[in-house]
Amino acid sequence: MMKELVRLESISKRYVMGRTVVTALDEVSLSIHEGEYVAIMGHSGSGKSTMLNVLGCLDKPTSGRYLLGGLDVSTMDDAALSDVRGRRIGFVFQSFNLIPQISVLANIEVPLFYLGMPRPQRHPRSSALADLVGLGHRKDHKPTELSGGQRQRVAVARALANDPLLILADEPTGNLDTRTSQEIMELFDDLYRRGRTIILVTHEDDVAGHARRVVRLKDGKVDSDSLSARGLAESKAAQT
Amino acid sequence: MKGLNKVGDIVLLGLSSLAVHKVRSGLTAMGILFGVWSVIAMLAINEGASYESQQSLRQMGSDNLLIDSVKPSADESGAAQARGVLNYGITWSDQRTLIDNLPGVVRWTAAHRTQKSAQNGTKLIPCQVIGASPNYLDLGRLALVAGRFVSEADQTLCRNTAILTVSLARRLFGPDDPLDKVIRLGGESFRVVGLVDQPSRTMAAVPSELAMNLIFIPSATDKNRFGEFTVINTGSSRSRERVEVSQLIVQLADEKTVLNAAKVVRSLLSRSHDKRDYDITVPLELIEQRAKQRRLWNIMFFTVASISLLVGGIGIMNIMLASVTERTREIGIRRALGAKRRDIIVQFLVEAVTLTTVGGLTGIALGFAVPPVVQTLLKIPALLPAATMIIPFLMAVIVGLISGLYPAMRAAQLDPIEALRHE
Ligand SMILES: Nc1ncnc2c1ncn2[C@@H]1O[C@H](COP(=O)(O)OP(=O)(O)O)[C@@H](O)[C@H]1O
Ligand SMILES: [Mg+2]
């Protein structure tokens, strides 16, 4: 059995809006192990993004405990959380979130920069990552000179830069057409095969089909948690 | 080591984002540039002007006291006018009392002035004749240009020797060498033995049209030949004046005794004179007064110039705030990828401080042009002491820090999730 990487214990996230309280996450408990490929699904407003933000240490839960790689991150302050994000998390966003004024390589290097990696070491790493995601010929381009699919590839390369424990993607294909979505998902499949732990949020069954495990949220609660078709096939193959 | 490396990189990051917005950065830096430049210009002009006046005061000697006889105002002089003679000024008895009673007198000299006409051939030029002793050259701060000044031998033998100011010599002799020539003065012949420069300050109450035309003769000769009377021709009427001592210059041991001596002089003279027919000049007091005045001017200049720097600072803060808003998303991205609040603060501060520093340095560079430009255009001196450079520069850096700090803090306080959602 692989090591437990994520452990959520009765995690709640509530927003107070004047008199009403919105419960985005309601006593969620969940465990994810190293090397898993998990899709989080659910209707709009079911709390998927909130969950991913908590998992990514961008947001702090209102109550509950969150252990990331055995480290309790639910009590950490802002600086410590920044550090955890910088060292252990790789984010891929729906809207790419690249910095428009700087080159592809410079974008990939941003996490390395805040890790304090010296410039001479950053460069070969970002260059190798650009090659990995198939953008070897676009290294010095600005994000605005790239297509949506290419931009998301840069984002994936950037998410890998700090060699994270966990890759988190919030609707990574939400802004892409079917074909490029397919290409990006192949990139994730590839990362999965290399042993990366991936959690992605989606409301598309096609996309979720790439994952091995599907967690469904409903009104901030875990509605179901089961293996996908691929996951079933894989576990059967493993048993025989 | 790792931390230092990161700070260095964040500095580079700040610089590169300035390079992205060249026009905006340039305009912002310009605000500071003019602020710094105007501080420098004002300080330099003020410094130059005060240096000049200090210099002319120092020429009178900061350890000297000058006591001049002056003609009392018309209503005061009425009573003193006996038998058509106006009697006024420092008397020989005053002179004796002062010299005997002043503490710390090192040297002193007395001069007597009469109004006459100097004649060379057909040229007749009104002038001031000053009976002086040899040490007047030094105490009166005269600069000998040619020949010699009054000598001891001149005094004992009552010689008719004369020392002219350069300008008077030129008017009397034109291009000819005046030395050893003879001029007529008050019915006597005088041999020209020396030339002096126009003194920066002669005596109180010398009519300005005559201030350039000075003739120095031995005081013994003056007393012997001309006495204490001077005849004043005003239009049709003639009046006679009698002054015993026109000017008394006392040199004291040091600057400390000067102010005390001045007090003694004032009290002694006010006791023996019932009208203001004398004038006491204490160069040291004037120097101190000017210094005080200069400090006041400096404060005012500084305030005005600081306001322009402040305006530049507000410009920077404005730009930085706009930059924070414009780059909210970028800040969110950086925070999500591991940037701490501190990293964001440093990034924005570097931008602000760089803008002001570049503006400040350019302002200082242009500041070097201030003295020559001011001198040629305004005909007033300007000086650039080190403080003129350093103070505005430090001010610019501080303005940059302060005006950058608030936007930087605001950027750092943004919630990363909110920032990422920003369009
Ligand atoms: N900053 C916020 N303030 C108030 N309510 C919020 C905030 N963020 C999310 N919510 C609410 O929490 C719920 C879950 O939101 P979210 O996690 O974004 O849903 P999903 O990503 O599944 O569409 C929604 O009802 C949303 O309105
Ligand atoms: Mg969402």
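Among (1) surrounded by fewer than 14 Cβ atoms within 10 Å (Cβ to Cβ); (2) within 16 Å of ligand 2 (Cβ to nearest atom), where does A:His203 come up short?
All conditions are met except number (1).
Of the numbered conditions (1) surrounded by fewer than 18 Cβ atoms within 10 Å (Cβ to Cβ); (2) under 27 Å from A:Val38 (Cα atoms); (3) acidic (Asp, Glu), A:Asp170 fails exactly one; give the number of that condition.
All conditions pass for A:Asp170, except number (1).
Within the range B:279-311, take every residue that is among the basic types (Lys, Arg) and over 30 Å from B:Leu361 (Cα atoms) and give me the one that is modelled with the lowest pLDDT. Outline the logic, then answer.
Restricting attention to the range B:279-311, the residues satisfying the condition of being among the basic types (Lys, Arg) are B:290, B:292, B:294-295.
Then keep just the ones that are over 30 Å from B:Leu361 (Cα atoms); that gives B:290, B:292.
On the way: B:Arg290: 78, B:Lys292: 83.
By that ranking, first place goes to B:Arg290.
Test of understanding: among B:Gly121, B:Gly31, which residue is within 30 Å of B:Gly313 (Cβ to Cβ) and not acidic (Asp, Glu)?
B:Gly31
For B:Ser25, are the conditions met, namely being in a helix (DSSP H, G or I), modelled with pLDDT of 80 or more and more than 34 Å from the chain's Cα centre (by Cα)? First the steps, then the outcome.
Numbers: in a helix (DSSP H, G or I): yes; modelled with pLDDT of 80 or more: yes; more than 34 Å from the chain's Cα centre (by Cα): yes.
Considered against the rule, which asks whether it is in a helix (DSSP H, G or I), modelled with pLDDT of 80 or more and more than 34 Å from the chain's Cα centre (by Cα), B:Ser25 comes out as yes.
Which ones in the range A:75-98 are in a helix (DSSP H, G or I) and in contact with a strand residue (DSSP E or B) (Cβ under 9 Å, 6 or more places away or on another chain)? Full working, then the answer.
Quick first cut of the range A:75-98, residues in a helix (DSSP H, G or I) only: A:78-88.
Once the filter is applied, which keeps residues that are in a helix (DSSP H, G or I) and in contact with a strand residue (DSSP E or B) (Cβ under 9 Å, 6 or more places away or on another chain), the range A:75-98 yields A:Val84, A:Arg85, A:Arg88.
Look at A:Asp59 and say whether it is among the charged types (D, E, K, R) and either under 16 Å from A:Ile11 (Cα atoms) or in contact with a helix residue (DSSP H, G or I) (Cβ under 6 Å, 6 or more places away or on another chain) (or both). Before you say what the answer is, go through the steps one by one.
Numbers: among the charged types (D, E, K, R): yes; either under 16 Å from A:Ile11 (Cα atoms) or in contact with a helix residue (DSSP H, G or I) (Cβ under 6 Å, 6 or more places away or on another chain) (or both): yes.
For A:Asp59, the condition - among the charged types (D, E, K, R) and either under 16 Å from A:Ile11 (Cα atoms) or in contact with a helix residue (DSSP H, G or I) (Cβ under 6 Å, 6 or more places away or on another chain) (or both) - is met.
Filtering the range B:46-73 down to residues that are at pLDDT below 80 and among the hydrophobic types (A, V, I, L, M, F, W, C), which residue is nearest to B:Val397 (Cα to Cα)?
So, considering only residues that are at pLDDT below 80 and among the hydrophobic types (A, V, I, L, M, F, W, C), the one nearest to B:Val397 (Cα to Cα) is B:Ala49.
Picking from A:Gly134, A:Gly90, A:Gly70, A:Gly42, which residue would you name as being surrounded by fewer than 16 Cβ atoms within 10 Å (Cβ to Cβ), under 18 Å from A:Ile198 (Cα atoms) and either more than 16 Å from ligand 2 (Cβ to nearest atom) or not β-branched (Val, Ile, Thr) (or both)? Give the steps one after another, and end with the answer.
Numbers: A:Gly134 fails: under 18 Å from A:Ile198 (Cα atoms); A:Gly90 fails: surrounded by fewer than 16 Cβ atoms within 10 Å (Cβ to Cβ); A:Gly42 fails: surrounded by fewer than 16 Cβ atoms within 10 Å (Cβ to Cβ).
Residue meeting the stated conditions: A:Gly70.
Test B:Val397 against the criterion of being more than 16 Å from ligand 1 (Cβ to nearest atom) and more than 26 Å from the chain's Cα centre (by Cα), and give yes or no. Walk me through how you get there before you give the answer.
Details: more than 16 Å from ligand 1 (Cβ to nearest atom): yes; more than 26 Å from the chain's Cα centre (by Cα): yes.
It is true that B:Val397 is more than 16 Å from ligand 1 (Cβ to nearest atom) and more than 26 Å from the chain's Cα centre (by Cα).
Yes or no, residue by residue, for (1) touching a residue at least 12 places away in the same chain (Cβ under 8 Å); (2) in the same structural domain as B:Val23 (by TED's automatic domain parsing); (3) within 37 Å of the chain's Cα centre (by Cα); (4) buried (at least 22 other Cβ atoms within 10 Å of the Cβ):
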position	(1), (2), (3), (4)
B:Leu310	yes, yes, yes, no
B:Asn318	no, yes, no, no
B:Leu337	no, yes, no, yes
B:Gly359	yes, yes, yes, yes
B:Leu414	yes, yes, no, no
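Would the range A:108-126 turn up any residue that is farther than 20 Å from B:Val11 by Cα, within 10 Å of chain B (Cβ to nearest Cβ) and buried (at least 21 other Cβ atoms within 10 Å of the Cβ)? Give the steps one after another, and end with the answer.
Narrowing the range A:108-126 to residues farther than 20 Å from B:Val11 by Cα: A:124-126.
Now restrict to residues that are within 10 Å of chain B (Cβ to nearest Cβ): none.
No, that holds for no residue.
Please count how many residues of the range A:151-196 are within 16 Å of ligand 2 (Cβ to nearest atom) and assigned to a helix (DSSP H, G or I).
0
Find the helices (runs of 4 or more DSSP H) located wholly in the range B:315-389 whose residues include 3 or more that are away from chain A (no Cβ under 14 Å), and list them. Walk me through it before giving the result.
Values: elements: B:328-336, B:341-367, B:370-378.
Qualifying helices (runs of 4 or more DSSP H): B:341-367, B:370-378.
Restricting to the range B:151-181, name every residue that is more than 19 Å from B:Asn135 (Cβ to Cβ) and exposed (fewer than 13 other Cβ atoms within 10 Å of the Cβ).
Scanning the range B:151-181 gives B:Gly174, B:Pro175, B:Asp176, B:Asp177, B:Asp180.
What are the pairs, 6+ residues apart or on separate chains, where a residue within the range A:49-61 that is closer than 16 Å to B:Arg421 by Cα and at pLDDT 95 or above has its Cβ under 6 Å from a residue that is within 10 Å of ligand 1 (Cβ to nearest atom) and assigned to a loop (DSSP other than H, G, I, E, B)?
What qualifies is A:Asn53/A:Asp59.
Out of all the residues in the range A:14-62, which are of a type in the set (D, E, K, R) and under 23 Å from A:Lys3 (Cα atoms)? Before the answer, list the steps.
First, the residues of the range A:14-62 that are of a type in the set (D, E, K, R): A:14, A:19, A:26-27, A:34, A:36, A:48, A:59-60.
If the condition is that a residue be of a type in the set (D, E, K, R) and under 23 Å from A:Lys3 (Cα atoms), then A:Glu34, A:Glu36 are the ones that fit.
The values are calculated or read from the model by the stated rules, or taken from the named source; none is laboratory data. Just so it is clear, the model here is predicted, and its values are computed rather than measured. Reconstructed Cβ throughout: ideal geometry from the backbone, glycine too, with neighbour counts over all protein chains shown.
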